[in-house]
Amino acid sequence: MNHNHLISVSTWSLQQLTIAEGKTLEDLLPIFAGYGIDGIELNEDYSRLREYGTPHGRRDLRSRIADSGLRVTSCWFNTDLLGECDRTSRAKLVDDIEGCFEIAAGLGSEVVVLTPVDTFPDYPLERGTQSFLETFAALIPLARSYGVTMGMETARSEGVFRVPHYMTELVKQIGAPELTVVPDFEAWRFATPDLPLSHVETIGTVAAGPAEIGLFGAALPYSRAIHAKLLRLDEAGDEPHFPLAEMMKAVRESDRQHILTIEYEGWIPDIDPHLDCIEETRRCVELLRRHLAD
């Protein structure tokens, strides 16, 4: 299949430049544009900034992004759909998520990526599933009214809800075009001598092993956006920590077009903070292009 899949880059890939050097989002736009990509994913560290907190501010940012030859393919928000219902109320959660829809729609974003956090590893399965069903019943009509698609990110987790199998099956069961899965490459990363499965923030815990590769292909019919998490490229420009050839083959053979959003994470303190995140992200873009051309 050849669906002209899109390549996007998450603002997270260059966020070291903001943290360490104080560069603004608008400082980063020419760098993103230089990659020749289709668009960017805005994470909430940028989209929630005061200067973009009004409809006018978001329209202005959208114009500046367009002037750079880019568009916002997705907006990412860190959410806890189960815990928020338990701590406050579903009404409060839905109101909060509607705020995410409003931000994304104002920026022209197609996909709103949400993280279905596992509140704790042994959260009751039936209780969680019922909570998700009720929450999505409220959110799907809202997403439709804002013209956005929800993408539920699945990654590595000690719980049962954020993992690929569970969320793919739930999205399949609900069967609404406004609700999709966002498979994150991290769920399929395997342990290597140079990079453990746990990062520094989870040191001392036993990380879950990689998901079965078949689950990646199974998620694709229910996915629009894919988080292409990449950590450390070798001298040849390959990423040896993921079954990348198998995953990208599944993407090429998929029956629908996908947005491949690169999340270069090698700049974080426990990987390669000494490397140039601009250059490494460029290498990640080239890597995905090679795989899409195979």
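The values are calculated or read from the model by the stated rules, or taken from the named source; none is laboratory data. The structure presented is a predicted model; accordingly, all values stated were derived computationally and were not measured. Positions of Cβ are generated from backbone atoms using ideal geometry, with glycine treated the same way; all protein chains shown enter the neighbour counts. Just the protein is used for accessible areas: all its heavy atoms, side chains included, with ligands, DNA and RNA removed. Shrake-Rupley method; radii C 1.70, N 1.55, O 1.52, S 1.80 Å.
The residues of segment 1-115 expose on average 43 square angstrom of accessible surface per residue, using a 1.4 Å probe on protein heavy atoms. What you get for the chain, charging only the Cβ of Lys and Arg (+1) and of Asp and Glu (-1), is a dipole of about 840 debye around the Cα centre. Here the calculated FRET efficiency for ASN78 and ASN4, from their Cβ-Cβ distance with R0 = 30 Å, stands at 0.45, rounded to the nearest 0.05.
Placing +1 on each Lys and Arg Cβ and -1 on each Asp and Glu Cβ, with no other charges, gives segment 1-108 a dipole about its Cα centre of roughly 180 debye.
Could you tell me what percent of the accessible area of segment 192-294 is made up of carbon and sulfur, with a 1.4 Å probe and every protein chain present? Don't jump to the answer; show the numbers that get you there.
Working: 2650 of 4650 Å².
Reported share for carbon and sulfur atoms: 57 percent.
Springs join every pair of Cα atoms under 10 Å in this Gaussian network model of the chain, and among LEU125, LEU14, LEU142 the largest mean-square fluctuation is at LEU125. Taking a ≥ b ≥ c as the square roots of the eigenvalues of the Cα gyration tensor, segment 16-72 is oblate, since a/c reaches 1.5 or more and a/b is not larger than b/c. Only Cα pairs within less than 10 Å get springs; with that Gaussian network setup on the chain, which residue of ARG50, ARG283, ARG58 has the largest fluctuation? Ranking ARG50, ARG283, ARG58 by mean-square fluctuation puts ARG50 first.
Phi-derived couplings, Karplus 6.51 cos²θ - 1.76 cosθ + 1.60 at θ = phi - 60°, listed residue by residue for segment 181-193: 9, 10, x, 9, 3, 3, 5, 10, 5, 10, 5, 9, x Hz, with x used for Gly and Pro.
Which net charge results when you count Lys and Arg as +1 and Asp and Glu as -1 among the other residues whose beta-carbon is under 15 Å from that of ALA138?
Details: positive: ARG90, LYS92, ARG144; negative: GLU84, ASP95, ASP96, GLU98, GLU134, GLU178.
Cβ neighbours under 15 Å give a net charge of -3.
Rolling a 1.4 Å probe over the protein heavy atoms gives segment 142-294 an accessible area of 41 Å² per residue. Counting 0.36 nm for each residue step from SER145 to ASP95 and taking away their Cα separation leaves a gain of 16.6 nm. Each residue, ASP122 and HIS274, gets one label point 7 Å from its Cα in the Cβ direction; the gap between the two is 4.4 nm.
Rolling a 1.4 angstrom probe over segment 42-164 with all protein chains present gives an accessible area of which 50% lies on carbon and sulfur atoms.
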